[in-house]
Amino acid sequence: MIWNETKECMSRDEMTNLQSARLKKLVDYVYHNVEFYRKKMQAVGLLPSDIRGIEDITKLPFTTKDDLRDNYPFGLFAVPNSEIVRIHASSGTTGKATVVGYTRRDLDIWAECVARCMTMAGIGKDDVIQIAYGYGLFTGGLGAHNGAEKIGATVVPMSTGNSKKLTTMMVDFGATAIACTPSYLLYISEVLQEEGLLDKIKLKSAICGAEPWTEKMREELELRLNITAHDIYGLSEVMGPGVACDCKFHKGLHVCEDHFYPEVLSPETLKPIADGELGELAFTTLTKEGIPLIRYRTKDLTSLTHEKCECGRTSARISRFKGRVDDMLIIRGVNVFPSQIEAALLEVKEVTPHYMMIVDRINNLDTLEIHVELSNEFYTDEIRGLEALTKKISHVINQAIGLSAKVKIVEPQSIKRSEGKAVHVIDNRKLY
Ligand code: DLL
């Protein structure tokens, strides 16, 4: 099923025309309503009339997270606060929060985009969905919530923080769908197993995102829970969850590109690159009123395709995320993404995909230690066998990242579980 055939199945020409018309309107709108953009455009001698269509987008300046921080809290808002009906913020790990504001229409469009994603994930009005993203300033909870209500599903606003209650209610309410981070879903699958509830659940679909995860992890979750798992993407600056999602063919995430124009930029030149090439994703919000953004650099690494999908949707698709530019570790000169470790560990049946990377610098040399958790089934008090297993894991990891790491096998359940975005790296080099 498709939620909005007229928007999700347009021909490329129709989409380009729509995007062009919306971009022209947007540029005029920000020029007259956001001093930051007016000044940026004036600095390069650009007038709204210079933007004649989507092909002129590269004339426009980029926007970064720092721009939002520098204009904290409301400096990039295009409407007076009386028009803002909701505020969200993302704290980030460093610096000031980035604050976003939504008008009533922004919230309607957000719900529409999430409704499209829910439909892609096979969720509809007969489903009971537990929303287990955090509610609050984070966009995950309320964003998924409003979209699920729009499709008419029965929404259970669980939030995070009580996994036992969640699993009990999953059974008692006959929940058929869940929205949460993939790492939290992995944890939930463990709780269900511990409590002997796995064969009592009616779950059939999960809509997971907010953090990078691998295709192998998707398959693992599908297997553990006997569901289909879908990848939903978004970021608070651009809107929240619902910017893109994958359909049942899992061949990339369909972007709601009538609202968010995607570009993939070369990391070297920052120029848009061809379909299929990996680069940094940027978005221009074509319809947002509260805090419209032009060419917002997401720092997320992906590639684009404009080919029609088997599902019938014609919308541009982005490939599963490789990670964030700023999540990439450079260890002894080698680029490493945590998701590579996740994929490698999913090859080894004796361990769980829970892991922690500890990076350090000793005598001017980078070191990498990886804590890997033994699965319950393979846990014994005896040390015997562990040496061979450690060797096996080191080998798999070495093959995956092209770097040798010290592997330490730890007891089951000893790596901290996450209910939101998982933390996989402790980089002690930052302390020096
Ligand atoms: O994480 C919004 C969201 C909530 C998306 C729930 C999906 C589900 P932020 O906290 O602003 O917003 O973080 C945005 O999270 O730039 C990516 O780096 C990462 N991210 C989000 N979804 C995915 C995904 C929400 N499906 C940042 N795959 C983004 C990989 C993702 N990374």
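Below are the figures for this structure:
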item: HIS145 under 17 Å from the mean Cα position of the chain (by Cα), within 16 Å of the ligand (Cβ to nearest atom), in a helix (DSSP H, G or I) and buried (at least 17 other Cβ atoms within 10 Å of the Cβ); result: yes
item: Which listed residue is of a type outside the set (S, T, N, Q), more than 16 Å from the ligand (Cβ to nearest atom) and part of a loop (DSSP other than H, G, I, E, B), from GLY196, GLY136; result: GLY196
item: Residue in the stretch 299-316 that is nearest to LEU253 (Cα to Cα), counting only those that are in contact with a helix residue (DSSP H, G or I) (Cβ under 7 Å, 6 or more places away or on another chain) and assigned to a strand (DSSP E or B); result: LEU301
item: Residue in the stretch 68-75 that is within 14 Å of the ligand (Cβ to nearest atom) and either crowded, with 21+ Cβ neighbours inside 10 Å or closer than 15 Å to GLY240 by Cα (or both) present; result: yes
item: Strands (runs of 3 or more DSSP E) contained entirely in the stretch 317-432, each with at least 2 residues that are free of Cβ contacts under 8 Å to residues at least 60 places away in the same chain and open to solvent by 70 Å² or more (accessible area, probe 1.4 Å); result: 406-410
item: Residues located in the stretch 301-316, provided they are more than 12 Å from the ligand (Cβ to nearest atom), crowded, with 19+ Cβ neighbours inside 10 Å and free of Cβ contacts under 8 Å to residues at least 60 places away in the same chain; result: SER303, LEU304
item: Output for the stretch 106-142, where each listed residue is surrounded by fewer than 19 Cβ atoms within 10 Å (Cβ to Cβ) and within 15 Å of CYS208 (Cβ to Cβ); result: GLY122
item: Positions within the stretch 205-220 being more than 13 Å from the ligand (Cβ to nearest atom) and either assigned to a helix (DSSP H, G or I) or open to solvent by 20 Å² or more (accessible area, probe 1.4 Å) (or both), in sequence order; result: LYS216, GLU219, GLU220
item: Qualifying positions in the stretch 56-67 - open to solvent by 40 Å² or more (accessible area, probe 1.4 Å) and in a helix (DSSP H, G or I); result: THR58, LYS59, LYS65, ASP66
item: Test: residue in the stretch 9-26 that is over 28 Å from the mean Cα position of the chain (by Cα), touching a residue at least 60 places away in the same chain (Cβ under 8 Å) and open to solvent by 60 Å² or more (accessible area, probe 1.4 Å); result: no
item: Test for LYS251: is it open to solvent by 30 Å² or more (accessible area, probe 1.4 Å), more than 16 Å from GLU342 (Cα to Cα) and more than 7 Å from the ligand (Cβ to nearest atom); result: yes
item: Selection within the stretch 160-193 - in a loop (DSSP other than H, G, I, E, B) and either free of Cβ contacts under 8 Å to residues at least 12 places away in the same chain or open to solvent by 30 Å² or more (accessible area, probe 1.4 Å) (or both); result: THR160, GLY161, ASN162, PHE173
item: Which listed residue is modelled with pLDDT of 95 or more, part of a strand (DSSP E or B) and within 16 Å of the ligand (Cβ to nearest atom), from GLU263, GLU237; result: GLU263
item: Residue within the stretch 121-130 that is away from the ligand (no atom under 16 Å from the Cβ), of a type in the set (Lys, Arg) and either outside any loop (DSSP other than H, G, I, E, B) or touching a His at 6+ places or on another chain (Cβ under 8 Å) (or both) present; result: no
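The values are calculated or read from the model by the stated rules, or taken from the named source; none is laboratory data. Here the structure is a predicted model, which is why all the values come from computation and not from measurement. In this analysis, Cβ positions are derived from the backbone assuming ideal geometry, glycine residues included, and neighbour counts consider all displayed protein chains. With ligands, DNA and RNA removed, areas are computed over all heavy atoms of the protein, side chains included. Shrake-Rupley method; radii C 1.70, N 1.55, O 1.52, S 1.80 Å.
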